[in-house]
Structure formats: C-alpha cells, structure tokens
Amino acid sequence: MSQRISLTQYLIEQQREHGSIPQELRLLIEVVARACKRIAISVNKGALGDVLGTAGSENIQGEVQKKLDIIANEVLIEANEWGGHLAAMASEEMEAIHLVPNRYPKGEYLLMFDPLDGSSNIDVNVSIGTIFSVLKKAEGHKGVSEDDFLQPGSSQVAAGYCVYGPQTTLTLSFGNGVSMFTLDREQGSFVLTAENVRIPVDTQEFAINMSNQRHWDTPMQRYIDECLAGVTGPRAKDFNMRWIASMVADVHRILTRGGIFIYPWDKREPHRAGKLRLLYEANPLSFLVEQAGGAATNGRQRILDLQPTQLHERVAVMLGSKHEVERVTAYHLQAE
Ligand code: P6P
C-alpha cells in the first residue's frame, strides 16, 4: 500500500501546489483538527471519564446541555482563540458570538461550529460529531459583530466535520472537492483516506424521522409515501431507511454511499422554518454535499443561497443524492 499522507502534508501540498489554501486558513484548519482529536479523547472515555449525562443547564436553543456539549465547546474556544487566525467564533452552545480576547492577535476568519452534534446519542454510544464552518470577515471595517457572520453559505471558504464513531474521521472541503481523513491513534494524526468524494446522483436510501410524519406538509408526505410504496408504486423501486439522529453521521453515510437526508418543516411549530440550524449545521454540510456532486435545498431554495438574518436561524433541510433532492424540491415548488 502506498504511504498514506498526513493531514498536515495534505494541506501544505494543497497550499503549495494549488494555491487554494492561504497559509492562515491552513493553520486554522490544523488547529480545528487538533481540537477534534482532543474532543475524540473525551468522547471515547465515556463512563470512565465522568463526561456522560447532562450538565444541568440549557443552551440558547432551549436544549438540555450534555457535559460533553460544554467540554467540546470549551476545547474549540480554547484551541482557536490564541492563534491569530480568527476575528471571532460562534457556537450552537453560546447565545452571542465569542470575540478573540484583546491579549491575542486577531485575524480575518470567522469560525462557527456545532461542537457536538447529536448529543442525545452520547449516553447510548451512538456516533456523534463536530461540525464547523469558516467565513472571511468582510473587508474594510474594524471590529467584528454578529452581522459579520450573517453571510450566505456560498461564502464559506472551508467547511468540515469530525465524526466520533467506530473510526474518528475528519471530512473537509475548501471549495475544490471533498477529502476524508481517518485518525491513526498510534501516530496520533489524521491520515488521508479518501479524495474527490462523490455522492451517487440516484439512491434507494432515505433518512428522516418517520415519527413526525403526521406533522409534515403535503409534498413531504407525497415524497415519503412514494418511497414507501416501493417497486409497485410510482417510483418503481424499493427504498431503505436509516435515521441515526446525528445529522453529521447521516451525512457521512450519504457522502460515503449516497442517500437523501431530510429534516422538513412541520406543523408542530409552524413559525419555525425547521429544526436544524442554518449557519453551523446546514450550511457547512450543504457545502460538503454540493462539493461532492450532491444537492441541498430547504424544499424551495438552494440552502447555500439563503441570506441569514440571525445567528441561530433554523432551516428545513433536504440534502444528498442530486436526483432525489431535485424531486422532493420539485414536489414542494409544485405545491405552492
Ligand atoms: P430528532 C441532533 O440533535 C440534531 O440536531 C441532528 O443532528 C439530528 O439529525 C436531529 O437533531 C435529530 O432530531 O427530532 O430526530 O431527535
């Protein structure tokens, strides 16, 4: 087997040969990757490390925080605030943006993250992960505010996630395709294990929380009913279903073998566009999916085109194999 290359070597070669990764951005991603390794160590301790269970607090989303949610958030903040790459950070676990303290140099990048996606799975040993997104601060004005983060997902300069599962895998894109790295625990470094990842345009596998079916709107009901009708129905093929309840793990499966992931609007909270967060869940994962030849919409518009209006904005999400996303989006547009 040819010698596998480390994340560091990969990033330096991409920077040197393609000029696609500025040095400051390369260094930022290396810091995020090191933070993910530290999170993996805490996650893997489980009951041995007093990291399970709830922290006795709620986040801005009104969700009960797990101990590991807070640990992961603190690891990412502490790892990234001193490096000089960032102007500020934003997290699912923090209401306001986190400014780089004045004692440290500041950079032009903005880092957003869901420090531990799928935390309801932590205590039952099911895959979870860290999702991150990188933007550049607009030129020409001093300081940084929440408004600097309110850029469409198409403005991302990098995005990725780390899944803490049977393997610890880091998936990355800088806008020139998707690469995957597996943590070699003996070396203590991420090693390149997949490049130019592509999502099949067709699939027979959908991911949705079926227990919410009665709350969906008509086009969503139609799409899933047709999948369930199988080979004798209008789709003339059988479908399989998967639902991990960790978006990052469902998306990793889709990047690996295809599929469609859906968390739609539902009538339980009609004022809410969806459950998932736009800036640090849907945007980075949609960026990766599109970079791998897939598609991502909110049922009507391309997710990466959406103009955010607030930091913790929510959105409906339909992403994965291109032809399936196009079909379910067409059903929604026809119903308007
Ligand atoms: P439900 C995890 O809390 C999350 O934000 C996503 O990772 C996941 O896909 C979804 O919520 C699961 O939601 O309603 O099925 O528990």
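The values are calculated or read from the model by the stated rules, or taken from the named source; none is laboratory data. None of the values given here were measured: they were computed from a predicted structure. Cβ: placed from backbone, ideal geometry, glycine included. Neighbour counts: every protein chain shown.
Looking at the range 96-109, I want the residues that are modelled with pLDDT of 95 or more and have a partner that is among the polar types (S, T, N, Q) with Cβ atoms under 9 Å, at least 6 apart or on another chain. Which pairs are those?
Hits for this filter: ILE97/SER91; ILE97/SER145; HIS98/SER91; VAL100/ASN80.
If I go through the range 195-227 residue by residue, how many of them are away from the ligand (no atom under 16 Å from the Cβ) and surrounded by 15 or more Cβ atoms within 10 Å (Cβ to Cβ)?
Adding up the residues that qualify gives 13.
Assess whether LEU68 counts as being crowded, with 22+ Cβ neighbours inside 10 Å, of a type outside the set (Gly, Ala, Ser) and away from the ligand (no atom under 16 Å from the Cβ).
Working: crowded, with 22+ Cβ neighbours inside 10 Å: yes; of a type outside the set (Gly, Ala, Ser): yes; away from the ligand (no atom under 16 Å from the Cβ): no.
When the stated conditions are applied, LEU68 does not pass them.
Within the range 246-272, which residues are assigned to a loop (DSSP other than H, G, I, E, B) and away from the ligand (no atom under 14 Å from the Cβ)?
GLY258, LYS267, PRO270, HIS271, listed by residue number.
May I ask you to verify whether GLU186 is without any contact (Cβ under 8 Å) to a residue 12 or more places away in the chain, at negative phi and more than 16 Å from the ligand (Cβ to nearest atom)? Quick ask: steps written out before the conclusion?
Values: without any contact (Cβ under 8 Å) to a residue 12 or more places away in the chain: yes; at negative phi: yes; more than 16 Å from the ligand (Cβ to nearest atom): yes.
Answer is yes for this residue.
Within the range 1-37, take every residue that is assigned to a loop (DSSP other than H, G, I, E, B), within 24 Å of LYS106 (Cα to Cα) and without any contact (Cβ under 8 Å) to a residue 12 or more places away in the chain and give me the one that is nearest to the chain's Cα centre (by Cα).
Taking the candidates together, the pick is PRO22.
Could you give every pair whose Cβ atoms fall below 8 Å, whose first residue belongs to the range 323-336 and is closer than 19 Å to GLU290 by Cβ and touching a residue at least 60 places away in the same chain (Cβ under 8 Å), and whose second residue is acidic (Asp, Glu) and surrounded by fewer than 13 Cβ atoms within 10 Å (Cβ to Cβ), counting only separations of at least 6 or pairs across chains?
Hits for this filter: HIS323/ASP202; GLU324/ASP202.
Collect the residues in the range 96-114 that are of a type outside the set (Phe, Trp, Tyr), in a loop (DSSP other than H, G, I, E, B) and in contact with an Asp or Glu (Cβ under 9 Å, 6 or more places away or on another chain), keeping them in residue-number order.
ALA96, ILE97, VAL100, PRO101, GLY107, GLU108
Could you list, in sequence order, all residues of the range 179-200 that are in a strand (DSSP E or B) and over 21 Å from GLU290 (Cβ atoms)?
THR182, LEU183, ASP184, SER189, PHE190, VAL191, LEU192, THR193
Sort out which residues of the range 201-234 are within 16 Å of THR329 (Cα to Cα) and assigned to a strand (DSSP E or B), and write them in order of number.
Passing the criteria: PHE206, ALA207.
For the condition in contact with a Leu (Cβ under 7 Å, 6 or more places away or on another chain) and not assigned by TED's automatic domain parsing to the domain that holds GLU281, what is the one hit in LEU76, LEU135, LEU99?
Only one candidate qualifies: LEU135.
For the range 39-64, enumerate the residues that are in a helix (DSSP H, G or I) and surrounded by fewer than 17 Cβ atoms within 10 Å (Cβ to Cβ).
Kept after step one, since they are in a helix (DSSP H, G or I), are these residues of the range 39-64: 39-49.
Within the range 39-64, ILE41, ASN44, LYS45, GLY46, ALA47, LEU48, GLY49 qualify.
Can you tell me which residue within the range 120-137, out of those that are in a strand (DSSP E or B) and within 13 Å of the ligand (Cβ to nearest atom), is nearest to the chain's Cα centre (by Cα)? Can you show your working first?
Within the range 120-137, the subset in a strand (DSSP E or B) is 128-136.
This time we only want the ones that are within 13 Å of the ligand (Cβ to nearest atom), so: 128-131.
On the way: ILE128: 11, GLY129: 9, THR130: 7, ILE131: 4 Å.
Once the filter is applied, the top-ranked residue is ILE131.
Does ALA35 satisfy the criteria of being away from the ligand (no atom under 16 Å from the Cβ), assigned by TED's automatic domain parsing to the domain that holds TYR109 and crowded, with 20+ Cβ neighbours inside 10 Å?
It is true that ALA35 is away from the ligand (no atom under 16 Å from the Cβ), assigned by TED's automatic domain parsing to the domain that holds TYR109 and crowded, with 20+ Cβ neighbours inside 10 Å.
Against the condition over 18 Å from LEU28 (Cα atoms) and modelled with pLDDT of 95 or more, how does GLU139 come out, does it pass?
Criteria not met by GLU139.
So which of GLY62, GLY84 ends up being away from the ligand (no atom under 16 Å from the Cβ), of a type outside the set (Val, Ile, Thr) and over 17 Å from the mean Cα position of the chain (by Cα)? Don't jump to the end; show me each part of the working.
Working: GLY62 fails: away from the ligand (no atom under 16 Å from the Cβ).
Of GLY62, GLY84, the one residue that is away from the ligand (no atom under 16 Å from the Cβ), of a type outside the set (Val, Ile, Thr) and over 17 Å from the mean Cα position of the chain (by Cα) is GLY84.
If I ask for residues that are acidic (Asp, Glu) and farther than 29 Å from GLN156 by Cα, which ones from the range 20-57 would you list? It would help to see each step written out before you state the result.
Applying the first criterion (acidic (Asp, Glu)) to the range 20-57 yields 24, 30, 50.
Listed by number, the list holds a single entry, ASP50.
State all residues of the range 147-169 that are over 21 Å from ALA88 (Cα atoms) and either among the small types (Gly, Ala, Ser) or part of a loop (DSSP other than H, G, I, E, B) (or both); if no residue qualifies, say none.
GLY165, PRO166, GLN167, listed by residue number.
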